[in-house]
Structure formats: C-alpha cells, structure tokens
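A.B. asks: Below you'll find the structure I mean.
Please treat every number below as a calculation from the coordinates, not as lab data. The structure presented is a predicted model; accordingly, all values stated were derived computationally and were not measured. Methodologically, a virtual Cβ is constructed for each residue, glycine included, from the backbone with ideal geometry; neighbour enumeration extends over all protein chains shown.
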Amino acid sequence: MRSIFDPLAPAGAYDDPEWMAQLKAWTHSLPKPRGVLIVSAHWEAAPLMLSAPASGTPLVYDFGGFAPRYYTLTYPTPDAGLLAARVRSLMPDNAPAHQHPSRGLDHGAWVPLKVMYPSPTCPCGRRASSSSGRGSSRTGCRSSRWT
C-alpha cells in the first residue's frame, strides 16, 4: 500500500502550479492504483464512516470564499463498492467502518484526485478520521498489499 501525506488540499490549490506539478510527478512515478482510499481530518465521524461508494456520488463542497469556478468542478468517480467492502473487511471488530448512505468525496479528497488522476478510472473512497479516538488512520488497511 502506497501512502501520500498532503497537507494542502484546499480548492484554491489549483492556482498553485508547484503543488500541482509535484502531485502529477508523484502520480507518474507510480503504477496505476487499483483503488484509492483517502483518510484526512477534513471529515471526522464516530462511528468510523466510509463515503458512499456509488458511481457518480455528488461531491461535497465543504469550503467557502473561493472563486465561483471551484463550486462547479466535478469528479465523476466510478463505483467503489468493492473498495468499500475491502476496507470494511480489514477493520478490526472494535473499530468497524460503517457505510455512509450519501456522502461523496469532499475537497480533501477530490482536489488532489482531480490533479493526480484527471480521468477517474479507478475506484476512490473516503474514510472519515475517527473522532472517537478508536480506529486510527492505519488500522486494518496497513496489512493490505494494495498498489
């Protein structure tokens, strides 16, 4: 499983050519992933939640004060049902991940994905950070050998 730690994912990052170039270079240096799971502090939940896996789930525009064009950007993700099932299967019994029925990817997920993979062809999902203190970012998924 490869990991990237990106501290900058506001919608306005599209106006930062250096950030975009770094993400694109990183993307081109790795094999195409079979799936992408994003965990960040942009979404906290207890119990632990996974974003809705349906194809084309609407994005979450959880930011304010940016140019109007940022509120019209889209990222039509393919179905991520198998990815979500895999993540749920890897979580320990004391920190299960629940499926949110409608939450799409928020800007902490779709902004870097849109730069890294402009044409969404692999399943993408979002896992909330735990606001209960259980189920750290690496719980369960660390044992998986995803590429």
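A.B. asks: Using the crude model of +1 on Lys and Arg Cβ and -1 on Asp and Glu Cβ, and no other charge, please compute the dipole size for segment 11-143 relative to its Cα centre, in debye to 20.
C.D. replies: In total the dipole reaches around 440 debye.
A.B. asks: Can you give me the distance in nm between label points at Glu44 and Tyr71, each placed 7 Å from the Cα along the Cα-to-Cβ direction?
C.D. replies: Label-label distance for Glu44 and Tyr71, simple model: 2.7 nm.
A.B. asks: Still on this structure: Just subtract the alpha-carbon distance of Leu82 and Ser55 from 0.36 nm times their residue separation and send over the number in nm, one decimal. Working shown, then result.
C.D. replies: Numbers: separation 27, 0.36 × 27 = 9.72 nm, distance 1.17 nm.
Extra length from Leu82 to Ser55 when fully extended: 8.5 nm.
A.B. asks: Now for a different question. How long is segment 11-143 along each principal axis, judged by its Cα atoms, biggest number first, in Å?
C.D. replies: Between the extreme Cα coordinates on each principal axis of segment 11-143 lie 43, 34, 26 Å.
A.B. asks: Of Pro92, Trp110, Ala52, whose Cα points farthest to the positive end of the dipole of segment 11-143 (charges on the beta-carbon: +1 Lys, Arg; -1 Asp, Glu; origin at the Cα centre)?
C.D. replies: Sorting the options by dipole projection puts first Pro92.
A.B. asks: Follow-up question, since we're still on this one. Express the C-alpha Rg of segment 40-84 as a ratio against the empirical globular expectation 2.2 N^0.38 Å, rounded to two decimals.
C.D. replies: 1.37
A.B. asks: Tell me the label-point distance for the pair Ala21, Ala95, using the 7 Å Cα-to-Cβ offset, in nm and rounded to one decimal.
C.D. replies: It is 3.8 nm.
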